[in-house]
Structure formats: C-alpha cells, structure tokens
Amino acid sequence: MSDIRHNWTREEILEVYNTPLLELIFRAASIHRKHNKGSEVQVSSLISIKTGGCSEDCGYCPQAARYNTEVKAHKLMSVVEVTQYAERAKSGGASRVCMGAAWREVRDNRDFDRVIDMVKAVNEMDMEVCCTLGMLTEHQAQRLADAGLYAYNHNLDTSEENYSNIIGTRTYDDRLNTLKNVRKANITVCSGGIIGLGETVEDRCGMLHTLVNLPQHPESVPINSLVAVKGTPLENQEPVEIWEMVRMVATTRILMPKTVVRLSAGRQQMSLEGQAMCFLAGANSIFTGEKLLTTPNPEFDEDMQMFKTFGLTPKTPFQEGRPVTKQEMLSE
Ligand code: SAM
Ligand code: DTB
Ligand code: SF4
C-alpha cells in the first residue's frame with residue numbers, strides 16, 4: 001500500500017495514535033526519513049501585522065475583543081514596518097514569513113490592498129510568504145496568489161464535533177470553504193490545530209481525519225499546544241503532557257508523509273528533550289523569534305543552539321518551486 005493515502009478511517013487513525021509510544025516514534029521516524037531530509041527543519045517567522053480587537057469568540061485566543069486579556073490592540077502595520085521585520089527574520093535564517101491578522105475575515109478595503117503590497121514586498125525578498133487573515137473568498141485568494149503568496153494558514157483547530165465547544169462565531173464548513181478557495185487559487189495550504197483545549201483523543205484524530213482525507217494533503221500542518229492565556233475561557237486548562245504532543249506529531253507524520261509538520265505554539269513550555277522527540281517523530285518546522293503573535297516563544301539564540309546540539313539545519317526556501325503568478329504566466 002502507498003504511504004500517501006486519502007482513505008483513512010477514524011478507527012485506523014486512532015489505532016496509529018494509540019500505538020505503543022516507542023513503536024509509534026520509530027514508525028513515524030522511518031516514514032519521515034523515507035520521504036524527507038531528516039535533519040532539515042524549516043524556520044518560519046511570525047509577524048502580527050494587526051493585533052487584537054478581533055470580533056470572533058475562539059475560546060483559546062488572547063486577541064478576541066470580548067475577553068479581558070493583556071493584549072494591546074494595534075492597527076495594521078505599514079509595509080515598511082513589515083519589510084523591516086522580514087529583513088531581520090531573513091538574516092536570522094528564516095526562509096518563510098507568516099503574517100497574521102486578528103480578523104474574522106478579509107474585507108475588500110484599503111487594509112487588504114496594503115496586505116497585498118506587503119505580500120509583494122516580502123516575496124521580492126526571496127522568502128516564502130504566508131498569510132493568516134481569517135476567512136477568504138475565491139476572489140481574495142486569487143488576489144493574494146497574484147501578489148505572490150506562497151501559503152495560507154487557516155486551522156481547523158479541532159474536530160468537527162468539538163468545534164462548537166470552542167468557537168461559536170463561525171462553522172467548520174466556513175473553515176473548509178476557505179481552504180477550498182485557497183486551493184482553487186493554487187496557494188499551498190497550511191492547516192492544523194491545537195491540543196490541550198480539553199478535547200478527547202477522538203477529537204484529535206477526527207481533525208486529522210478531515211485533513212488527511214482532503215483531495216490533497218495540506219502542504220503544512222501546524223500542531224499547536226494551547227498557550228493558556230489569562231482572561232480567555234481556557235485560561236485554566238491543564239497543560240498537555242509532552243507525550244501527547246509527540247503522539248500527535250508522529251500520527252500526523254504517518255498520515256501525511258510529505259507534509260511539513262510544524263511544532264507551533266507551546267514550545268516555550270517544552271524541554272529540549274521533548275522537542276528532540278518531536279523532531280525524531282517527524283516535526284520539521286518551527287517558528288523562531290521571541291514572540292509568536294502575542295505570546296512568548298524561545299529566544300532565537302536558544303533555538304540556534306538547539307539546532308547545533310541536535311545536528312539540524314534550516315531549510316532553504318522554494319525547494320518545491322516558486323509559485324507562478326497569473327501575470328508571469330501571461331508574459332511567458
Ligand atoms: N484570525 C486568523 C484565524 O483565526 O485564522 C489568524 C490568526 S489566529 C491567531 C491563527 C491560529 O493561531 C488559530 O487558528 C489557532 O490555531 C492559533 N492560536 C491562537 N491562539 C492560540 C493559543 N492561545 N494557543 C495555541 N494556539 C493558538
Ligand atoms: C499557527 O498554527 N500557530 C501560529 C500561526 N499558525 C499563526 C499562531 C500561534 C499563536 C499563539 C498565541 C499567540 O501568540 O497569540
Ligand atoms: Fe480572531 Fe483568529 Fe483569534 Fe479567532 S483565532 S479570535 S479569528 S484572531
């Protein structure tokens with residue numbers, strides 16, 4: 001049977017997830033090395049281009065306006081500010097920049113025009129550009145693609161069954177519809193979720209079931225571990241054990257052998273040994289820089305020391321080829 005499948009059942013996925021731990025890690029590590037360079041890790045940098053004041057009610061998120069958190073709202077950054085951040089990220093070895101906005105959805109207004117200019121500017125700096133801006137229409141996705149956007153991040157976050165316990169202001173189908181619009185525009189898909197929301201193992205596997213059975217596997221799957229922020233409804237959630245993170249990473253790797261599996265939020269709370277297990281089990285991307293969007297991340301120097309200790313090297317950009325924009329196609 002091929003390693004790349006789109007017909008996984010939930011039972012099969014649960015069976016993988018519940019495999020005895022060391023056997024699970026071994027299986028995931030073997031698949032990882034068969035399909036990818038085991039020592040290569042993609043380094044991405046996050047920029048919060050518009051912070052806080054979001055109208056959604058995502059129970060985990062410090063940027064939702066309705067919760068009383070310490071996040072200070074900030075209007076959309078200027079293109080110059082963004083390129084300065086991107087320049088710094090590049091000199092630190094990042095091959096991808098991800099621009100995040102605390103929006104429910106993109107609106108066709110001047111702010112979106114400015115984001116288009118940001119995408120063009122970072123693309124010209126020879127880095128892969130990713131955006132996460134909330135829901136998108138087909139036309140908006142196409143505009144981003146034409147500006148040279150490489151990837152779009154839009155997480156399913158949890159299973160369809162658990163979704164309404166965490167988020168009430170949009171549906172699972174809304175999320176899937178945006179992913180469809182992103183695909184149609186030929187932008188690569190980045191979609192994953194969070195563990196530690198109070199979900200069951202079945203919910204984790206349910207989310208992976210939806211992702212793996214999409215017509216095409218997402219090119220990246222971020223696995224976040226909840227950063228419980230004071231003032232959010234999930235502020236008192238117990239932290240997940242590192243073994244759960246390892247199991248989630250390993251299962252994602254086995255299900256989607258060629259996908260970039262990103263160790264996302266929650267690294268600040270993980271030991272070096274825990275992160276080493278995750279890399280062994282197939283994680284091959286991280287966010288670097290002292291901040292994620294609003295919460296702390298390990299210091300850049302600590303991460304570079306970790307790469308040295310583990311013998312990891314940062315991945316260079318565009319190994320899978322550059323996206324061809326409509327304009328380039330027309331001029332050929
Ligand atoms: N507003 C856009 C959206 O919701 O798609 C983009 C930004 S939003 C902050 C991106 C993702 O960050 C969420 O889907 C969620 O998976 C993750 N996230 C947000 N807050 C988090 C937290 N406290 N802990 C872990 N992950 C978090
Ligand atoms: C993703 O899956 N994780 C990143 C990125 N995509 C945009 C965001 C994590 C945010 C963690 C909470 C914060 O820093 O605000
Ligand atoms: Fe808004 Fe995104 Fe946070 Fe939800 S996750 S509240 S949509 S910024």
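Scanning the stretch 241-258 finds one or more residues that are among the polar types (S, T, N, Q) and over 26 Å from THR295 (Cα atoms).
The set of residues in the stretch 127-180 that are among the polar types (S, T, N, Q), open to solvent by less than 30 Å² (accessible area, probe 1.4 Å) and within 17 Å of ASN213 (Cα to Cα) comprises ASN155, THR158, SER159, THR178.
Just checking, does the stretch 209-222 include any residue being touching an Asp or Glu at 6+ places or on another chain (Cβ under 8 Å), open to solvent by less than 10 Å² (accessible area, probe 1.4 Å) and under 22 Å from ASN297 (Cβ atoms)? No: zero hits.
Mind checking whether some residue in the stretch 109-118 is out of contact with any strand residue (DSSP E or B) (no Cβ under 8 Å at 6 or more places or on another chain) and within 16 Å of ligand 1 (Cβ to nearest atom)? Checked the stretch 109-118: at least one residue is out of contact with any strand residue (DSSP E or B) (no Cβ under 8 Å at 6 or more places or on another chain) and within 16 Å of ligand 1 (Cβ to nearest atom).
For the stretch 290-303, the set of residues classified as touching a strand residue (DSSP E or B) at 6+ places or on another chain (Cβ under 9 Å), open to solvent by 20 Å² or more (accessible area, probe 1.4 Å) and closer than 18 Å to LYS50 by Cα consists of GLU290, LYS291, LEU293, THR294, listed by residue number.
Residues are listed down the side, and each one gets a yes or a no for (1) charged (D, E, K, R); (2) in a helix (DSSP H, G or I); (3) modelled with pLDDT of 95 or more:
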| residue | (1), (2), (3) |
| --- | --- |
| ARG247 | yes, yes, yes |
| THR252 | no, yes, yes |
| GLU273 | yes, yes, yes |
| LYS308 | yes, yes, yes |
| THR316 | no, no, no |
| GLN319 | no, no, no |
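Which of the residues spanning the stretch 80-106 are open to solvent by 40 Å² or more (accessible area, probe 1.4 Å), over 23 Å from ALA65 (Cβ atoms) and not hydroxyl-bearing (Ser, Thr, Tyr)?
Of everything in the stretch 80-106, those that are open to solvent by 40 Å² or more (accessible area, probe 1.4 Å), over 23 Å from ALA65 (Cβ atoms) and not hydroxyl-bearing (Ser, Thr, Tyr) turn out to be VAL80, GLN84, GLU87, ARG88, LYS90.
Scanning the stretch 144-181 for residues that are part of a helix (DSSP H, G or I), free of Cβ contacts under 8 Å to residues at least 60 places away in the same chain and under 20 Å from LEU293 (Cβ atoms) gives LEU144, ARG175, THR178. Taken as a whole, the structure leaves ALA276 outside the set of residues that are open to solvent by less than 50 Å² (accessible area, probe 1.4 Å), more than 13 Å from ligand 2 (Cβ to nearest atom), touching a residue at least 40 places away in the same chain (Cβ under 8 Å) and under 21 Å from GLU23 (Cα atoms).
For the stretch 107-126, the candidate set comprises residues that are touching a residue at least 60 places away in the same chain (Cβ under 8 Å) and out of contact with any helix residue (DSSP H, G or I) (no Cβ under 6 Å at 6 or more places or on another chain); within that set, the residue that is least open to solvent (accessible area, probe 1.4 Å) is VAL115.
The values are calculated or read from the model by the stated rules, or taken from the named source; none is laboratory data. Small disclaimer: the values here were computed from a predicted structure and weren't measured. Positions of Cβ are generated from backbone atoms using ideal geometry, with glycine treated the same way; all protein chains shown enter the neighbour counts. Each accessible area value is taken on the protein alone, full model and side chains, heavy atoms only, with ligands, DNA and RNA left out. Shrake-Rupley method; radii C 1.70, N 1.55, O 1.52, S 1.80 Å.
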